[in-house]
Amino acid sequence: MKLWDVPRLYRRAILIYFAAIVAPACGLVWLGIQSFERQRQALATLTAEKLAAKLEAELHTAAERALMLHSHPAAKFFFTIEHGMVVRPALYAPSPRSVPREFLEAERQELQMNRPDLALESYRKLMVEHQYESLALSRVARCLAKLGRQEDSRAAWRTLATTYPDERDPFHRPYGIVGAIEAGDIAGLYDQIAAGRWDLTADQAEYFLTQLDPHRSTPYLEQFHFARELSEQFRPPSTLHEGEIYNYSFGAWRIFYEVEAGDALSGFAVNQDWVNGNLKPEIEHALGIADTSGQDLRIYGGAIALVLVVLSAGVALLLRDISREARTNRLRSDFVSSVSHDLKTPITLIRLYSETLLRPDTFREEDRYGFYSIIVRESERLGRLVDRILTFSRVERGDQVYNLEEGDVAPVIARVVEDYREYLERAGFRLERAPAPSAPPVRFDSGALSQAVVNLLDNAVKYSGDSREIAVRLGAENGCVAFEVEDHGLGIPAAERERIFGRFYRVPNGSGKGGYGLGLFLVRHIMDAHGGRVDVESEPGRGSRFRLMFPRVSE
């Protein structure tokens, strides 16, 4: 049902509900959200200030230990600045060293005379005399390569790399790296350099790593990026005091440093991953600070969702009740209209034939008997209708009282069926009767039983369709006394078999068959009051069988 289909009175009720409940509730929810957000922001600010102060104090303590021990998880890169230049991590290699004078003649033979054979002997002689073994061996390997003895050259480089890995050539390059590259033994060399196996300058590290694998990257080079940014952006204050620790931030870096002898500065770059992953959680735990904003937001959001669900449920229930009430009112209106019509018909006939009998005309006796029969029949019909309406009214109010007495239902049912037989025969029906002469005793109200039987017979007549066969039976089975009425008419769809016992309800295929939708409602109410039940078996197009089941009195 759409809102615009609801009567004006109910639309007003819906609008009042929205104005009095839904709108204020939504306003309170919005104000609550705003208040919650302000409180959350204020608490977050206070918490952040408290955390920041404690974090700064702990980080300063960690800086003191790191500068004293030259080792601490808080330090990512240590550095040294002398005369305003970053000397560690070193960015550029020092100038090449001069070779010892003992090598001058051998180098003259190799480089100026272009006699690597003579130079090879001179270098070997220096090795035998144990003078500068590593330098002499590197020159031997170089001369062997110039003489075309590649395997011997690689063997010499290999010996140099394994025997003197940490010694350096005149260009300050470790023999462990140079010898391995010249010998072709580069497996794992990249990882050794990236792990900091040798103390290299930035230009050396970048050169060797690029030569080994130009497409690979390593965090090892980050220290040199830091050193370059430090050299370009760090500007210490003009006045510094020994024994005092300073801190400075630039770019993505934060450093702590102190003054050493002279104007040298030593310090470290803060390991922000350690701060965020270790130090900060420890401080939060110590201070009892937990990030509950997400949890609070979920709780508050859940509460808001619950309020909205409740409001929505209220709207849905209101609409459902309004729809149900509107439908009930429509059914009541149809009921009143039908009852008015059915009351008018017998009253009109009674008045017509009564006025006819009052005329001074002389009627034959058989004509008078027919008029009297019509008046009696319509009076009985009118009485049944009034009784049904009164009974329904008492049931609705909860005032209906049944006087249950122990006895035999067979005579009562037989009398009602016999009284109804004449009406059926005049309507063209053939009544098949199979009543038992007596039945086991049950507790019943005679008037209510009569009404239930008449209602079932009326129902069979209205929904027999083209069939004119109705059967009634009475018998005992399964500890009950059963009375059934069977027709061969329209039948009842399976989906409608429970709904037919509702008040004012009539099956869709029974449209235009008359009735008010009260008969079966009253039948079930009567059977419930008797502690029994009403069963129905039906198939569309093949008829229906209704059975009243009365529990037998225990002997």
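Quick note: the coordinates plus some simple rules give every number you see, no bench work behind them. Here the structure is a predicted model, which means the values were calculated and not measured. A quick note on method: Cβ atoms are made from the backbone with ideal geometry, for glycine too, and the neighbour counts reach across all protein chains shown.
With a simple spin-label model that places each label point 7 Å from the Cα along the Cα-to-Cβ direction, the separation between Arg473 and Val553 comes to 2.7 nm.
The stretch between Ser71 and Thr356 holds 89.8 nm of extra length on full extension. This uses 0.36 nm per residue minus the Cα-Cα distance. When only the Cβ of Lys, Arg, Asp and Glu is charged (+1, +1, -1, -1), the dipole of the range 106-218 relative to its Cα centre reaches about 300 debye.
The distance between label points at Val386 and Ala57 comes to 9.8 nm (points 7 Å beyond Cα on the Cα→Cβ vector). Using the Cβ-Cβ distance between Asp152 and Ser95 with R0 = 35 Å, the FRET efficiency computed as 1/(1 + (r/R0)^6) comes to roughly 0.65.
Spatially, the range 251-265 and the range 169-243 are offset by 21 Å when compared through their Cα centroids. Sites listed here are GluC sites (Glu not before Pro) in the range 120-191 whose DSSP assignment is loop and whose Cβ has at most 11 other Cβ atoms within 10 Å: Glu129. Here r is the Cβ-Cβ distance between Ser249 and Phe171 and R0 is 30 Å; the resulting FRET efficiency, rounded to 0.05, is 0.25.
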